[in-house]
Amino acid sequence: MSKMRYTRRSMLKTGAAAVAVSALPAPMIWAQDIKDITLRQFGTGVSNLNDVATKVKEDLGFTLEMTALDSDAVTQRAATQPDSFDIADIEYWICKKVWPTGNLQAMDTSKIANYDKIVGIFRNGKLTPESVIAQGTAPHTVGFTSGPGGTDFVAEESGWMTLIPTIYNADTLGIRPDLIGRPIETWAELLNPEFKGKASILDISSIGIMDMAMVCEAMGEIAYADKGNMTTDEIDKTMAIFIEAKKAGQFRAFWKTFDESVNLMASGEVVIQSMWSPAITAVKSQGIPCVYQPLKEGYRSWGGGIGLSKGLSGMALDAAYEYINWYLSGWVGGYLMRQGYYSAVPETSKEFMSADEWGYWFEGKAAAGDILSPTGDKLAGAGDLRDGGAFADRMGRVACWNAVMDENQYMVRKWNEFIAA
Amino acid sequence: MAKSLGYPKDISAKMKGAGMERFLKSPNITGWLLASPLALVLALFLILPIILIVVVSFWSATEFSIVPDFSFENYAFLFGSSVTYTVFLNTFKYAAITWAITLILGFTIAYFLAFHVRSQTWQTALFLLCTIPFWTSNIIRMISWIPFLGRNGLANETLISWGVIDAPLEWLLFSDFSVILAFVHLYTLFMVVPIFNTMMRIDRSLLEAATDAGASGFQTLVNVILPLTKPGIMIGSIFVVTLVMGDFITVRFMSGSQSANVGRLISNDIALLQYPSAAATAVVLLGTVLMMISAMLRLVDIRKEL
C-alpha cells in the first residue's frame with residue numbers, strides 16, 4: 001500500500017501534478033488500494049445525496065459515507081469534532097466561523113483541474129466584470145487563505161482555497177399563488193397584515209435575520225450599511241419590528257428544517273414564507289401550486305463548498321482531490337442543476353443535461369417537454385418557465401449573501417428574545 | 001443471590017485464606033459490595049456528567065471555541081436577562097397545567113380500572129389498551145396531531161361540517177393549546193400507572209368498612225382512597241413534572257417554534273456552540289427541578305407509604 005502511495009506522491013512532487021490530475025487517469029495507478037478507502041462526508045441535506053455516494057463508488061472506486069445534518073449541527077461538528085469527518089460540505093458563512101479553528105486544510109488550486117472554469121462569484125466575486133458585489137459574506141471573501149497552513153482569509157486568488165465551491169442558489173420568498181390571488185413583488189409583503197397568521201420565517205438565526213433585513217429594508221423602515229454585518233442598533237430595530245409583528249399574530253409558525261417548510265406550505269397553514277428552492281419543488285410535486293417569487297429588491301443568496309479535514313493525508317488526501325475533481329467534472333453539477341441549484345462549473349454540467357433541461361434550468365427558456373427531477377418526478381411541463389428566469393438574471397440580482405456578523409452573539413441573544421416574545 | 005456470590009467467595013478463600021472469607025462474609029461488607037455496581041454506574045454516568053456540566057457552566061466561550069475559566073458571566077447574563085424569566089415562567093406554566101390535567105385524567109382512569117372493572121382479565125386488557133399509543137415513538141405520537149389540528153385539518157373540517165363553527169379555529173395548532181394537548185397525550189400514562197398500582201394495593205376490606213360505617217361513595221373516595229393513593233399520585237407527579245420541565249421538542253413542534261421553554265433555550269445555545277451558557281442554564285434548570293421534587297417529597301413520604 002505505502003509503495004503505491006509513494007509513487008503517486010513523488011509524481012506530485014515532481015510537478016506532474018496538474019497533468020496527472022487534469023487527465024484524470026489516476027485511478028489506474030492505485031486502483032487496487034483505493035477500494036479500501038472510505039471518506040466520511042457530512043453536510044446539510046441539500047447536497048448530501050446518496051446518489052452521489054453511489055456514483056462515486058462506481059466512477060472512482062472508493063466509498064463515500066454521507067451524514068446529513070442541519071446547518072447548526074454542521075457548524076458545531078466542523079468546529080468541534082475535526083476527527084469525525086474527512087470532508088465537510090459546508091456553507092461559506094459557516095466557513096467564516098470554522099476556518100479560523102484550523103480544523104480544515106487549505107486546498108492547492110493547481111490540483112483542481114477545472115479551477116479556471118469555476119464561476120467568477122467564487123474567485124473574484126464578480127459574475128460578470130460589471131457585477132456589483134453584494135452585501136454579506138460573499139463567497140470569494142472567505143474562499144482563499146494565505147498558504148497551506150493558513151487560518152486567515154485573503155482577498156486575492158492565492159492558489160490556496162478554503163472550500164471548493166460545489167452548489168449555490170438565490171433564495172427568495174415562496175408563496176401559494178392560489179391562496180394569495182394577486183401578484184407579490186416585494187419582500188415587504190411578508191409583514192403585510194393581509195397575511196396575518198399565514199406567514200412564516202425560518203428559525204435559523206443567521207439566515208432568518210437576513211430575511212428580516214430584506215423585509216425591513218423593503219418596507220423602508222431601516223437602511224442598512226451592510227445587511228450581512230449589522231450594528232447592534234440595526235439589530236435592535238429589526239428585531240423590534242418583527243417582535244411587534246409576532247405579537248400581533250402575523251406568523252403561523254417558524255420552521256427549522258426543510259420538511260417543516262414543505263408541510264407548512266403544502267397544508268395551507270402558511271401562504272408566504274422564507275423558503276428554499278427544493279422545498280418549492282417538493283410542494284409542487286404534490287400537485288400544489290407554489291411559486292419561488294422573484295422580488296424587486298433581489299435575492300438572498302448562499303453558496304456551499306467542500307472542505308478537507310486537517311487530518312486527511314497520504315492516499316486518503318489524494319482520493320479527496322480525486323473526488324473534488326470528479327465533483328466539478330459535471331455529473332454532480334448536472335444532478336444538482338436538475339434540482340434547481342447551480343453548479344460551480346456550469347459548462348461541465350451542460351454535458352450531463354439535455355438541451356431542454358439546460359434551457360429550462362440555466363437559460364430561463366420555456367420548457368419544450370416535461371422537465372423531470374433526477375428522481376423522475378415531473379417538475380414542469382411544456383411551455384413552463386423557471387421562476388426568476390435565467391442564471392444571470394437570478395445570480396446577477398443577489399442583494400445579500402448569507403453571513404455571520406461581528407455582532408453574532410448579540411444577534412443570537414436578540415433572536416432568543418424574538419422566539420420567547 | 002447467595003449462590004452466585006458463592007463462587008468468587010470460594011476462590012478468594014482458597015487464595016487469600018480464612019481471614020478474607022470472614023471479611024467478605026461480614027454483612028456490612030456484603031451490603032457495600034452489592035450496592036457498589038449500581039453506585040459505580042451512577043457515579044460514572046450520572047454524577048460525573050453533572051459535575052462536568054457544572055464545571056463547564058463557569059467556562060467562557062467565543063464564537064467557535066470554549067475556554068476553561070472560572071467566570072460568573074454565564075450566570076450573570078442568565079439572571080440579568082428578561083428572556084430567562086419569561087422562558088422559566090412559560091415552562092412552569094406548561095408544567096402546572098399539564099400536571100393538573102394529567103392528574104385528573106390519570107386518577108379517573110386508574111380509579112375506573114381499579115374499582116369499577118371487576119374482572120381481572122378485563123382490567124389487564126384495558127390497562128394494555130392504555131399503553132397501545134406507547135408502541136410507537138414519542139415524536140410520531142406528537143407529530144400526528146399536526147395534520148389533525150391544522151387549519152384544513154380533520155378537527156376543523158369536522159366542526160365546520162357539523163356547523164359548529166364558520167371559520168377554521170386558528171388556535172388549535174401552533175399555540176399553547178396544542179403544546180399542552182400533546183403533553184397530556186404523551187404523559188397521562190405516567191400518571192395512570194403509579195396511581196393504578198397504589199390503588200390495587202388498597203385493602204378492599206377498608207372500603208367495605210367505610211361502607212359499613214355509612215360513608216357514601218364520594219366520602220369513601222375522598223377520605224379513604226385519596227389519602228391511600230397519595231404515594232402513587234406523587235410518583236406520577238414527579239414523572240410528569242420532570243418530563244415537562246425538561247422537554248424541548250414537543251414545545252418546538254407543537255408551538256411551531258413560536259413559544260420557548262427552558263429546554264429550547266438550552267438547545268438553541270448548544271446549536272450555536274455556546275456550551276458554557278447552555279450548561280449554566282441546565283444547572284439552573286436542574287436546581288429548580290430538584291427543589292420542586294424535594295418540595296413534593298415533603299408532602300408525602302413515598303417510602304413509608306408504599
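The values are calculated or read from the model by the stated rules, or taken from the named source; none is laboratory data. It should be emphasised that the depicted structure is a prediction, and the values quoted were computed from it without experimental measurement. Counting neighbours? That spans all protein chains shown, and the Cβs are built from the backbone with ideal geometry, glycine included.
Here is how the numbers come out for the structure above:
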{"read-out": "Residue match in the range A:97-118 (condition: surrounded by 20 or more Cβ atoms within 10 Å (Cβ to Cβ), hydroxyl-bearing (Ser, Thr, Tyr) and within 15 Å of the chain's Cα centre (by Cα))", "value": "no"}
{"read-out": "Scope the range A:221-243; condition assigned to a loop (DSSP other than H, G, I, E, B) and either free of Cβ contacts under 8 Å to residues at least 12 places away in the same chain or touching a strand residue (DSSP E or B) at 6+ places or on another chain (Cβ under 7 Å) (or both); matching residues", "value": "A:Ala223, A:Ala225, A:Asp226, A:Lys227, A:Gly228"}
{"read-out": "Criterion violated by B:Glu157 - all others in (1) part of a helix (DSSP H, G or I); (2) over 28 Å from the mean Cα position of the chain (by Cα); (3) surrounded by 15 or more Cβ atoms within 10 Å (Cβ to Cβ) satisfied", "value": "(3)"}
{"read-out": "Residue count for the range B:250-272, restricted to those that are surrounded by fewer than 21 Cβ atoms within 10 Å (Cβ to Cβ) and touching a Lys or Arg at 6+ places or on another chain (Cβ under 9 Å)", "value": "1"}
{"read-out": "Filter result for A:Gly208 (surrounded by 17 or more Cβ atoms within 10 Å (Cβ to Cβ), in contact (Cβ under 8 Å) with a residue 40 or more places away in the chain, touching a strand residue (DSSP E or B) at 6+ places or on another chain (Cβ under 8 Å) and farther than 19 Å from A:Thr186 by Cα)", "value": "no"}
{"read-out": "Helices (runs of 4 or more DSSP H) contained in the range B:209-306 and holding at least 3 residues under 14 Å from the mean Cα position of the chain (by Cα) and assigned by TED's automatic domain parsing to the domain that holds B:Ile146", "value": "B:226-246, B:275-299"}
{"read-out": "Sole exception among (1) surrounded by 24 or more Cβ atoms within 10 Å (Cβ to Cβ); (2) away from every other protein chain (no Cβ under 14 Å); (3) closer than 16 Å to A:Ile175 by Cα; (4) at pLDDT 90 or above for A:Leu295, by number", "value": "(1)"}
{"read-out": "Checklist (1) surrounded by fewer than 19 Cβ atoms within 10 Å (Cβ to Cβ); (2) within 14 Å of chain B (Cβ to nearest Cβ); (3) part of a helix (DSSP H, G or I) applied to A:Phe418, failing item", "value": "(1)"}
{"read-out": "Some residue of the range B:53-62 being in a helix (DSSP H, G or I), within 14 Å of chain A (Cβ to nearest Cβ) and in contact (Cβ under 8 Å) with a residue 60 or more places away in the chain", "value": "yes"}
{"read-out": "Of all residues making up the range A:240-263, the number that are within 26 Å of the chain's Cα centre (by Cα) and surrounded by fewer than 20 Cβ atoms within 10 Å (Cβ to Cβ)", "value": "4"}
{"read-out": "When residues of the range A:378-414 are limited to those that are surrounded by 13 or more Cβ atoms within 10 Å (Cβ to Cβ) and farther than 30 Å from A:Gly125 by Cα, the one nearest to the other protein chains (Cβ to nearest Cβ)", "value": "A:Arg413"}
{"read-out": "The range B:169-190 - residue that is outside any helix (DSSP H, G or I) and crowded, with 20+ Cβ neighbours inside 10 Å and, of those, farthest from the other protein chains (Cβ to nearest Cβ)", "value": "B:Leu173"}
{"read-out": "Out of A:Trp93, A:Trp99, sole residue that is within 14 Å of chain B (Cβ to nearest Cβ), out of contact with any Asp or Glu (no Cβ under 8 Å at 6 or more places or on another chain), part of a helix (DSSP H, G or I) and at pLDDT 90 or above", "value": "A:Trp99"}
{"read-out": "Qualifying positions in the range B:128-154 - loosely packed, with under 15 Cβ neighbours inside 10 Å, part of a loop (DSSP other than H, G, I, E, B) and either within 14 Å of chain A (Cβ to nearest Cβ) or at pLDDT 90 or above (or both)", "value": "B:Ser144, B:Asn152"}
{"read-out": "Enumeration of residues in the range A:324-340 that are under 13 Å from A:Gly305 (Cα atoms) and either of a type in the set (Phe, Trp, Tyr) or not assigned by TED's automatic domain parsing to the domain that holds A:Arg40 (or both)", "value": "A:Tyr327"}
{"read-out": "Unique match (being in contact with a Lys or Arg (Cβ under 8 Å, 6 or more places away or on another chain) and more than 14 Å from every other protein chain (Cβ to nearest Cβ)) among A:Gly307, A:Gly314", "value": "A:Gly314"}
{"read-out": "Residue list for the range A:70-90, restricted to those being of a type outside the set (Asp, Glu) and outside any helix (DSSP H, G or I)", "value": "A:Gln81, A:Phe85, A:Ile87, A:Ala88, A:Ile90"}
{"read-out": "Residues (within 14 Å of chain A (Cβ to nearest Cβ) and in a loop (DSSP other than H, G, I, E, B)) located in the range B:71-113", "value": "B:Ser81"}
